[in-house]
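Engineer: Before we start, here is the structure in question, set down as structure tokens.
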Amino acid sequence: MPHRNPPDPGGPLRRISSTSLIIAFALVMTASILGVMTWKAFDAKKAALANGSADIQNLVRSLSEHASHTIQAVDIAMAGMVDLLKYRDPEPDRFNRYLAETAKTLPQLRGIGVADSKGNWSYSSLAEQPRHNVSDRSYFAYHRDTPDNTLRISELLQSRIDARSSMIVLSKRITKLDGSFGGVVAAAVDKDQAQILFRDAVA
């Protein structure tokens, strides 16, 4: 008995080809979408890293400027004291209060004081005036032997007020009207503060 609908020899092949085309198309579309998503994610990451780098650079620049301004502020404050002490010896209680107020406005400083030409403290921002002599300190010897008005930054020193702590000293020479050595104005900065301050200044 003859078949009413004879089979089409190309039918299964066409169905397989159509299925393969659909699968291939789906795979291509999936790969394209994944590619676009990957590119977008990479682009977003790149932008975030660029923004983060810019933020870090801005922070470093800001800290560096702050440190530089802090050192400049100490230098200016000391210069005013040196000019005053060049002409006269202020009344101790009043000048000590002035030193204490100056130290408060510059929180990086542990304290600030004035040592006379023999290395004895004559003024101080501290509640109790130091009794030790600093004539053997390198910054004192430098100012005694070098007649200039530059701000000097000492090496790391052991504190003689608190033997457990280290510090650096910022200092300026006092030169009397006749050109003789009149002592030094010196400000102490704790080790940890100094590391932060000078690391930022050179960053």
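The values are calculated or read from the model by the stated rules, or taken from the named source; none is laboratory data. Computed from a predicted structure; not experimentally measured. Cβ: placed from backbone, ideal geometry, glycine included. Neighbour counts: every protein chain shown. Calculation scope for accessible area: heavy atoms of the full protein, side chains included, ligands and nucleic acids excluded. Shrake-Rupley method; radii C 1.70, N 1.55, O 1.52, S 1.80 Å.
Engineer: Would you please give the FRET efficiency between residue 97 and residue 163, computed as 1/(1 + (r/R0)^6) with r the Cβ-Cβ distance and R0 = 25 Å, to the nearest 0.05?
Structural biologist: On the way: r = 28 Å, r/R0 = 1.11.
Here the calculated transfer efficiency is 0.35.
Engineer: If you don't mind, another one. Counting only the backbone N, which residues of region 115-156 are under 16 Å from the spot 7 Å out from the Cα of residue 178 toward its beta-carbon?
Structural biologist: Within reach of a label on residue 178, which here means backbone N under 16 Å from a point 7 Å along Cα→Cβ, region 115-156 contributes 117-118.
Engineer: Ignoring ligands, DNA and RNA, what percent of the accessible area of region 79-203 is carbon or sulfur (1.4 Å)? Kindly include the intermediate steps, with their values, before the conclusion.
Structural biologist: Numbers: 3450 of 6840 Å².
Ligands and nucleic acids excluded, carbon and sulfur give 51 percent.
Engineer: Let me ask something else about it. Where only protein heavy atoms count, and the probe is 1.4 Å, what is the accessible area per residue for region 107-189 in Å²? If you can, show how the numbers build up before the last one.
Structural biologist: On the way: 3990 Å² over 83 residues.
Computed with neighbouring chains in place, this is 48 Å² per residue.
Engineer: Using packing as a proxy for protection, rank 113-122, 142-151 so that the peptide with the highest average count of other Cβ atoms within 10 Å comes first.
Structural biologist: Top of the packing list down: 113-122, 142-151.
Engineer: Further question on the same structure: Could you list the residues of region 77-118 with an amide nitrogen less than 18 Å from a label point located 7 Å from the Cα of residue 156 in the Cα-to-C-beta direction?
Structural biologist: In region 77-118, the label zone of residue 156 (backbone N under 18 Å from the point 7 Å along Cα→Cβ) covers 110.
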